[in-house]
Structure formats: structure tokens, C-alpha cells
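Structure first, commentary second.
Bear in mind these aren't lab numbers, they're just calculated from the coordinates by the rules spelled out. Owing to the predicted nature of the structure, the values given are computational and were not obtained by experimental measurement. Positions of Cβ are generated from backbone atoms using ideal geometry, with glycine treated the same way; all protein chains shown enter the neighbour counts.
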There are 2 protein chains.
Amino acid sequence: MTGQVRTVDGRVAGRRGQETRQKLLDCLREMLSTSPYRDVKVIDVARMAGTSPATFYQYFPDVEGAVLEIAEEMAEDSAGLKELVDGKSWAGKTGYATSEELVDGFLAFWRKNDAILRVVTLGAAEGDKRFFKIRMKVLNSVVSPLTEAVKANQGKTDKTVDPAAVSGALVSLLASAAEHSKAFTSWGVKVKDLRPNLALQVYLGVTGKKPPK
Amino acid sequence: MTGQVRTVDGRVAGRRGQETRQKLLDCLREMLSTSPYRDVKVIDVARMAGTSPATFYQYFPDVEGAVLEIAEEMAEDSAGLKELVDGKSWAGKTGYATSEELVDGFLAFWRKNDAILRVVTLGAAEGDKRFFKIRMKVLNSVVSPLTEAVKANQGKTDKTVDPAAVSGALVSLLASAAEHSKAFTSWGVKVKDLRPNLALQVYLGVTGKKPPK
DNA sequence: ACGGTAAGCTGACGGCATGACAGGACAAGT
DNA sequence: ACTTGTCCTGTCATGCCGTCAGCTTACCGT
């Protein structure tokens with residue numbers, strides 16, 4: 001469906017080629033999580049992969065191009081986050097459990113992919129449409145179903161709140177908390193306490209009620 | 001108080017030197033807001049300032065060093081954000097106005113400094129302590145007084161909520177919304193509607209009540 | 001087995017950015 | 001005019017970027 005993997009100069013990549021390509025991506029991933037994005041050099045990635053810079057340029061136009069590749073792969077993965085909200089109940093204790101699981105699942109996903117997500121976030125903030133699109137895909141995997149949940153849970157009476165805005169704000173908060181959990185620590189919020197606090201916020205935002213004891 | 005401005009090799013900078021230094025910082029600021037952080041080169045900054053790369057290296061160890069300088073300057077400025085919360089009332093309509101002004105003031109500050117804040121946020125996320133500290137200084141200028149406000153407004157009965165966590169979450173949300181307002185737009189939240197929605201969230205978080213009509 | 005064809009890799013190269021230094025230009029006081 | 005210390009830049013070694021030609025390797029049909 002996605003067509004064959006091709007090199008920059010148009011050749012079709014075979015088994016061996018795809019292996020090297022993948023190894024380069026893996027090494028880049030690792031580089032991203034160990035050194036600042038600004039300092040990631042093609043030559044280092046190539047060295048780590050046991051190959052030469054020229055080989056890197058066979059498969060990717062530049063570092064950014066390879067990063068986009070990794071990011072897109074991660075965005076595919078993010079589709080699984082939908083299950084954290086889809087078809088879940090928000091009533092009573094079950095609802096609070098839903099909230100906790102959502103927070104857990106989202107934080108886990110973000111932390112697992114923190115290095116690449118940092119770069120995606122930067123790119124999106126800088127106005128790069130490709131990174132923006134990828135970031136939206138990840139966030140939307142939760143925002144979309146969550147918006148529906150908010151709509152379903154707010155009575156027809158209460159029209160002061162825009163469901164999309166609430167849902168977007170909650171997910172933005174989760175993303176921010178995942179990326180900068182150290183900030184919360186420095187505010188005196190223990191790592192253990194972060195999760196329930198976020199879960200509370202989410203529950204409150206979706207249902208508009210305080211959670212049951 | 002902050003001692004004299006010095007060059008990398010220890011000389012004391014005079015009038016002319018400080019001017020060049022400042023011009024370099026200004027140009028770097030501009031570069032940051034027009035091109036991706038990864039692509040900002042010393043040679044470009046120097047050229048824009050009408051000088052040579054060697055001059056740049058007289059005043060700063062590298063691009064990052066100069067960026068830190070700009071960031072620290074901005075962090076000083078952020079102290080003014082305190083006034084958005086300090087001594088303000090959170091009761092009734094006045095309280096909602098406080099909330100709106102806080103949102104407005106914070107978003108305005110973030111947007112005014114968006115380029116440098118992007119880099120600070122990235123650095124903090126990457127675990128760089130210097131950037132982390134600067135980011136905390138900016139956020140704390142609001143989080144500190146806001147935490148007090150939350151404490152004062154939550155009855156002694158309600159101990160489920162950690163004031164620091166709530167306050168931190170609200171400010172994180174504001175920062176995220178400021179940095180990625182385009183995301184909200186793409187969720188169908190109009191730019192005009194973003195402000196009141198955030199104000200609502202803040203008011204709710206601080207007082208625990210729905211705002212008065 | 002053999003040769004043809006396309007994939008795969010790298011050495012080498014020009015170009016550009018980095019970062020250091022020494023020396024020259026400049027301003028200010030004597 | 002001379003001295004002193006500030007300020008700037010030409011120059012250079014080093015290292016990364018990004019490209020290309022050309023060599024090696026794997027696959028396939030006969």
C-alpha cells in the first residue's frame with residue numbers, strides 16, 4: 001500500500017538495504033535520546049551503525065528526513081491510544097478508573113517515545129507542517145474520542161463549555177506533564193502523586209463532577 | 001550586582017564592545033524566530049550583525065551560550081507575571097476577571113518570547129539543568145502565587161487536591177496552549193474562543209466552582 | 001556454471017562552519 | 001606623539017556536509 005522503500009536516487013531497496021536503513025534509524029533513535037537534537041550529526045549516526053555517512057545519504061535526505069521517518073512510525077503506534085477512551089464508561093467509580101487508565105497509558109506512551117516526541121514538539125512549535133501533522137495525529141488519537149466522551153457527559157443544559165476545547169486542554173496538559181514531569185517534582189509534587197492528580201483533573205474535566213470516594 | 005560583562009578570554013568589555021555584544025544577541029534573537037534552532041549558525045548571526053564569526057566567539061562560547069544569555073534576560077522579565085496573581089481576588093465576577101487577565105497576560109508574554117521559549121523548553125526537556133532552571137523561573141513566577149491562591153480558596157474540608165499540583169497543571173496548560181495554539185485551532189476552537197475557555201479552566205481549578213454569569 | 005543487471009557501499013572531494021590565535025585598528029589619557 | 005588596553009578580523013587547522021564515480025555483492029535467467 002505504502003509503495004516500496006526507495007533510496008534517495010530512486011533505486012528499490014532490497015532485503016539488505018532495508019536492514020541497513022533500519023539500523024540507521026535505530027541508531028538515530030538512540031542518538032536522539034542521548035544527545036541534544038542540535039548536536040546529532042550524520043557522521044555519528046553512521047559510525048554507530050558501522051557504516052559511512054554516504055550510506056546514510058542514500059536512504060535519507062538529511063537528519064530531519066530520517067527523524068520524520070521515525071516520527072511517522074511512532075504516530076502509527078499512537079493509534080492504539082484510542083482504546084484508552086473508546087467505549088469506556090465515565091460513570092462513578094468505573095469512570096474514575098477509566099480516567100486513571102487513560103493517564104497511565106498516555107504517560108507511558110509519551111515516555112516510551114520521549115526523545116522523538118521532543119523533536120516533533122519542537123518542529124511543530126517552529127511551524128513545520130510535517131511535524132505539526134504528526135503531532136496532531138498523536139494527540140488526536142486521544143482528543144477525538146475524548147471529545148465525544150465530554151459531549152456525552154455534559155448535560156444539554158450546560159453550553160458554556162466547548163467539548164473540543166476541554167478535551168484539547170486535558171490532552172495538552174497530559175503531554176506537558178509527561179514531557180516535563182521534573183517540573184512537577186520541583187513544585188513538590190511527588191512522582192507517585194502526579195498520576196492521581198492528573199487523573200482527577202481529567203475526571204473533573206470530562207464529567208464536571210468530583211470523583212466518588 | 002551581576003559583575004562586569006566579560007569576554008570569553010577574560011577581558012572587560014567596554015562601551016563599544018557591549019554594543020557589538022548586544023547587537024549579536026539581537027540578531028540571534030531574530031534568527032531564532034525565523035529559522036529552526038537546529039539551523040541557526042554562528043556565521044549567519046555574525047553576518048547579520050555586520051561582523052565576523054571570530055567576534056561572536058569573543059563574547060560567547062557557542063550558540064547555546066548566547067541563547068542562554070537571551071533566555072536569562074527573558075527570565076528576569078518574567079518576574080512581572082507575578083502581578084497577574086499577587087493580591088488579586090478570586091471571588092465572584094472579580095475572580096473571573098482575575099482569571100481572564102491571568103490568561104491574557106501569560107499568553108501575551110509567551111507569544112512575545114515564543115522563539116526563545118521554544119528553545120528553553122527543548123533544552124529543559126532534554127535534561128539540560130541550565131535551561132530547566134530558567135524555565136522553572138518563568139513558570140514559578142505564576143505557579144508560586146497561584147498555589148497560594150488555590151490554598152486560600154479550597155476549604156479545609158477538601159484535601160483531595162494538592163494545591164501545587166493544580167497550580168502547576170494550570171500553568172503547564174497555559175504554556176502548552178500558548179506554544180501550540182494552532183493545535184486548538186485545528187480542533188475547531190477559534191482563536192477568539194481559546195481565551196475564555198482557558199480562563200474557565202483556570203477559574204475552575206482555583207476556586208473549584210463554576211463561574212458566575 | 002556463467003554472465004548480466006541492479007542493489008549496496010565507500011573513498012574521495014569541494015564546500016562550508018567551527019573555534020583559536022596573533023596582529024592590526026582604534027579610542028582615551030598623558 | 002606615545003602608551004595602554006579594548007576591539008575587531010584575517011587566517012588557519014580541523015571537522016562535518018553532501019555528492020559522485022566506481023567498486024563489490026547479491027540475485028536471476030539461461
Placing each pseudo-label 7 Å from Cα in the direction of the beta carbon, B:ALA97 and A:ARG130 end up separated by a distance in nanometres of 5.0
Of the candidates A:PRO163, B:ALA175, A:ALA79, the farthest towards the positive dipole end of the protein assembly as shown (Lys/Arg Cβ +1, Asp/Glu Cβ -1, centred on the Cα centre) is A:PRO163
Largest fluctuation, A:ALA149, A:ALA13, A:ALA79 only, Gaussian network model of chain A with Cα springs under 10 angstrom, belongs to A:ALA13
Applied in sequence order to segment B:27-32, the curve 6.51 cos²θ - 1.76 cosθ + 1.60 (Karplus, θ = phi - 60°) yields integer Hz couplings, x standing for Gly and Pro, of 5, 4, 3, 5, 4, 4
Partner lysines whose C-alpha sits under 16 Å from that of A:LYS151, ignoring same-chain residues fewer than 8 away, are A:LYS88, A:LYS159, A:LYS209
Taking chain B, the equivalent ellipsoid from its C-alpha gyration tensor has semi-axes in Å, biggest first, of 39, 19, 14
Share (percent) of C-alpha pair distances in segment A:144-213 greater than 13 Å works out to 67
Of all C-alpha pairs within segment A:1-61, those more than 14 angstrom apart amount in percent to 55
Inter-copy distances for A:ALA79, label 7 Å out on the Cα-Cβ vector, sorted ascending, nm, one decimal, are 5.3
Kirkwood Rh over alpha-carbon pairs of the protein assembly as shown plugged into Stokes-Einstein at 4 °C, 1.567 mPa s gives a D in µm²/s of 56
Inter-copy distances for B:LYS151, label 7 Å out on the Cα-Cβ vector, sorted ascending, nm, one decimal, are 4.3
Taking every other residue with Cβ under 10 Å from the Cβ of B:ALA149 and scoring Lys and Arg +1, Asp and Glu -1, one gets 0
So the FRET efficiency between B:THR185 and B:ASP9, C-beta based with R0 = 41 Å and rounded to 0.05, is 0.25
homo-copy label distances at B:ARG6 (7 angstrom along Cα-Cβ), nm, one dp, ascending, are 5.8
Longest principal axis of chain B (C-alpha) makes with the long axis of helix B:92-112 (C-alpha) an angle, in degrees to the nearest 10, of 20
Expressed in angstrom and rounded, the centroid-to-centroid distance over alpha carbons for segment B:126-153 and segment B:14-67 is 29
